[in-house]
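The values are calculated or read from the model by the stated rules, or taken from the named source; none is laboratory data. Bear in mind that the values here come from a model prediction, so they are computed numbers and not experimental data. Ideal geometry is used to build each Cβ from the backbone, glycine not excepted, and the neighbour counts take in all protein chains shown.
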Amino acid sequence: MLTTEFIDERNAAELPHHLTDYQALGERLARRGLDVERAVETLAAFDLAIPSWSLGTGGTRFGRFPGPGEPRNVFEKMDDVAVIHRLTGAASGVSLHIPWDEPDDPAALRGHAAALGLRIDAVNSNTFQDQPGQRLSYKFGSLAHTDPAVREQAIEHNLHVIEVGEVLGSTALSVWLADGSNFPGQMHLRRAFDRTFDGLARIYAALPDEWRMFIEHKPYEPAFYAAVVQDWGSSYLLAHALGPKAQCLVDLGHHLPATNIELIVARLLGAGKLGGFHFNDAQYGDDDLTAGSIHPYRLFLVFNELVDAARDRLPDFDPAYMIDQSHNLKDPIEALLQTVDQVQRAYARALIVDRDALDAYQEANDVLMAERTLQQAFETDVGPLVAEARRRNGAAIDPVATFRASGYRAARGEERGAVAYAPPQSL
């Protein structure tokens, strides 16, 4: 249904209009002294990871509305990710959550992914909820728990995730902890943090040489008074103390309202501790909405910092790009196609910022012209740049339209059934 021939056929119908738009945009950018070809080449090399837990309908605590053809197992999830990668040319990674998507045969899953042109990205541990048959509960925490036996269980789980990840070909462990308290006095704030560091140090010591540990912060939920790893400062303290393989992961939904996320990105870049991103968007809290759907300018400003860091060749600059979304109303594949497109557009806008002009305006304290330089890039329709990068990768000029024309979802509905497996909601 989504063969190279089908995508080429769809692209051929759109190609004349696309090339006209691309040429016109190239001419406008050239007049501003910008190299459109270099921007397209950079975009074509961009790649991110799809989370395995996002391929089914996520739902909320109030309900879930499953759709047809949701994947029933992790192998079928790989099939769906391959469709996203085929249509965008920019989603070859899969980030797995253990035990949600732990395969019985990790080597077989790795082979299946490779056959589809995919790679296993970061593996994610789960000590934020109890699993069937689990001996001890994480109700009052995991690595921060007062009971050494619970802490040991959490450590052992992370070590197991590393072992599975090695077989899968992963090179990163992502750790998000729900540990915290709901009421003043419930938890000794300093001791809980110290216990968390001690547990992470044990896990860090077991990392293979080429691996990284991503420490993810979140201000609240399910801990509504004091989360142990509440903010980027907490994650930085842990990562700095652990060592060079430990870095901070920035989830765009894991911040309090009005937080300047691009400033956090800049600080972590300067400290050499930016590990990567979970892309999503939010209106109120950790909403896990489609990236760029609420705050597209903020997404652009984040990429502005990343492009600037790449230009300055900051040491150890190698952020991991991942998506972390929950889809309750949209078709999951279509929502992920939309997110990849929005992330690519934010990146493209950052690539066409006139950085020499911006530097000059900043040095001269010309506030208006510095801001205008960013706004000029953001307000540019970069769709033709992104579409051209996809076309050169053999992907679709219009991924969503091509996906809908393929009939993939209807065919999977007949094969898999109307109500299939769905992962727990992402956190």
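Key figures for this structure:
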| read-out | value |
| --- | --- |
| Top-ranked residue in the stretch 299-317 [being buried (at least 17 other Cβ atoms within 10 Å of the Cβ) and not aliphatic (A, V, I, L, M); ranked as nearest to the chain's Cα centre (by Cα)] | PHE303 |
| Looking only at the stretch 37-88, and only at residues there that are outside any helix (DSSP H, G or I) and aliphatic (A, V, I, L, M), the one that is modelled with the lowest pLDDT | LEU55 |
| Count of the stretch 271-320 residues which are small (Gly, Ala, Ser), touching a residue at least 12 places away in the same chain (Cβ under 8 Å), outside any strand (DSSP E or B) and at negative phi | 6 |
| Out of TYR220, TYR236, sole residue that is surrounded by fewer than 17 Cβ atoms within 10 Å (Cβ to Cβ) and either of a type outside the set (Val, Ile, Thr) or outside any strand (DSSP E or B) (or both) | TYR220 |
| Any chance ALA192 is in a helix (DSSP H, G or I) and closer than 20 Å to PHE277 by Cα | no |
| Flag if THR88 is surrounded by fewer than 17 Cβ atoms within 10 Å (Cβ to Cβ) and either under 23 Å from the mean Cα position of the chain (by Cα) or within 22 Å of GLU216 (Cα to Cα) (or both) | no |
| ALA201, sole failed condition from (1) in a loop (DSSP other than H, G, I, E, B); (2) out of contact with any Phe, Trp or Tyr (no Cβ under 8 Å at 6 or more places or on another chain); (3) among the hydrophobic types (A, V, I, L, M, F, W, C); (4) surrounded by fewer than 19 Cβ atoms within 10 Å (Cβ to Cβ) | (1) |
| Candidates ALA348, ALA405, ALA360, ALA370, filtered to the one that is among the hydrophobic types (A, V, I, L, M, F, W, C), more than 20 Å from the chain's Cα centre (by Cα) and under 30 Å from HIS17 (Cβ atoms) | ALA405 |
| Residue ID - surrounded by the most Cβ atoms within 10 Å (Cβ to Cβ), chosen from residues in the stretch 35-52 that are within 12 Å of ALA90 (Cβ to Cβ) and out of contact with any Leu (no Cβ under 7 Å at 6 or more places or on another chain) | ALA49 |
| Test for PHE140: is it without any contact (Cβ under 8 Å) to a residue 40 or more places away in the chain and assigned to a loop (DSSP other than H, G, I, E, B) | yes |
| Which numbered condition VAL161 misses (of (1) in a helix (DSSP H, G or I); (2) surrounded by fewer than 21 Cβ atoms within 10 Å (Cβ to Cβ)) | (2) |
| From GLN186, GLN247, residue being buried (at least 22 other Cβ atoms within 10 Å of the Cβ) and not in a helix (DSSP H, G or I) | GLN247 |
| Any chance GLU166 is assigned to a helix (DSSP H, G or I), free of Cβ contacts under 8 Å to residues at least 24 places away in the same chain and out of contact with any helix residue (DSSP H, G or I) (no Cβ under 6 Å at 6 or more places or on another chain) | no |
| Matching residues, the stretch 5-36, being part of a loop (DSSP other than H, G, I, E, B) and at pLDDT 95 or above | none |
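Residue-by-condition table, conditions (1) among the polar types (S, T, N, Q); (2) on the phi < 0 side of the Ramachandran plot; (3) in a helix (DSSP H, G or I):
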{"site": "THR339", "(1), (2), (3)": "yes, yes, yes"}
{"site": "ALA348", "(1), (2), (3)": "no, yes, yes"}
{"site": "ASN365", "(1), (2), (3)": "yes, no, no"}
{"site": "ALA370", "(1), (2), (3)": "no, yes, yes"}
{"site": "THR373", "(1), (2), (3)": "yes, yes, yes"}
{"site": "GLN376", "(1), (2), (3)": "yes, yes, yes"}
